[in-house]
């Protein structure tokens, strides 16, 4: 499923994601809280676990995160890229038109020496 998703979506490397952030893209961290506490996060990323992504992304849902908008440039990431690839497919099904993911996930981001912020949330 992940391979099929990656073949049908936009896959970005860490440098491309950094440029998207400079242009104002919304970056969404799909990892679980424990993963974020243990490894940190991309600075400025919104946290929306993969299990709640559709609820947070749907403007009509009670759990909607206002920063998530169907026409706004949105980049998802997880630990290694599997959950985020599937998440992009889900957002496309919800009508998101400008969504991509960080191929290789947070591991690729940190491995490329990109900035990481400490996470202390529960």
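The values are calculated or read from the model by the stated rules, or taken from the named source; none is laboratory data. What you see is a predicted model, and the numbers here were worked out from it, not measured in a lab. Please note: Cβ atoms are built from the backbone with ideal geometry, for glycine as well, and neighbour counts cover all protein chains shown.
The table for this structure:
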{"quantity": "Residue within the stretch 70-90 that is loosely packed, with under 14 Cβ neighbours inside 10 Å, more than 10 Å from the chain's Cα centre (by Cα) and either modelled with pLDDT under 95 or part of a loop (DSSP other than H, G, I, E, B) (or both) present", "calculated": "yes"}
{"quantity": "Residue under evaluation residue 112, criteria (1) within 14 Å of residue 12 (Cα to Cα); (2) touching a residue at least 40 places away in the same chain (Cβ under 8 Å); (3) within 14 Å of the chain's Cα centre (by Cα), criterion not met", "calculated": "(3)"}
{"quantity": "Complete set of residues in the stretch 1-15 that are over 10 Å from residue 103 (Cα atoms) and modelled with pLDDT of 95 or more", "calculated": "9, 15"}
{"quantity": "Count of the stretch 58-95 residues which are without any contact (Cβ under 8 Å) to a residue 60 or more places away in the chain and either out of contact with any strand residue (DSSP E or B) (no Cβ under 6 Å at 6 or more places or on another chain) or over 23 Å from residue 1 (Cα atoms) (or both)", "calculated": "24"}
{"quantity": "Residue within the stretch 45-53 that is in contact with a strand residue (DSSP E or B) (Cβ under 6 Å, 6 or more places away or on another chain) and assigned to a helix (DSSP H, G or I) present", "calculated": "no"}
{"quantity": "Boolean, residue 105 is on the phi > 0 side of the Ramachandran plot and either loosely packed, with under 13 Cβ neighbours inside 10 Å or touching a residue at least 40 places away in the same chain (Cβ under 8 Å) (or both)", "calculated": "no"}
{"quantity": "Residue in the stretch 97-106 that is farther than 19 Å from residue 11 by Cα and either at pLDDT 95 or above or out of contact with any helix residue (DSSP H, G or I) (no Cβ under 6 Å at 6 or more places or on another chain) (or both) present", "calculated": "no"}
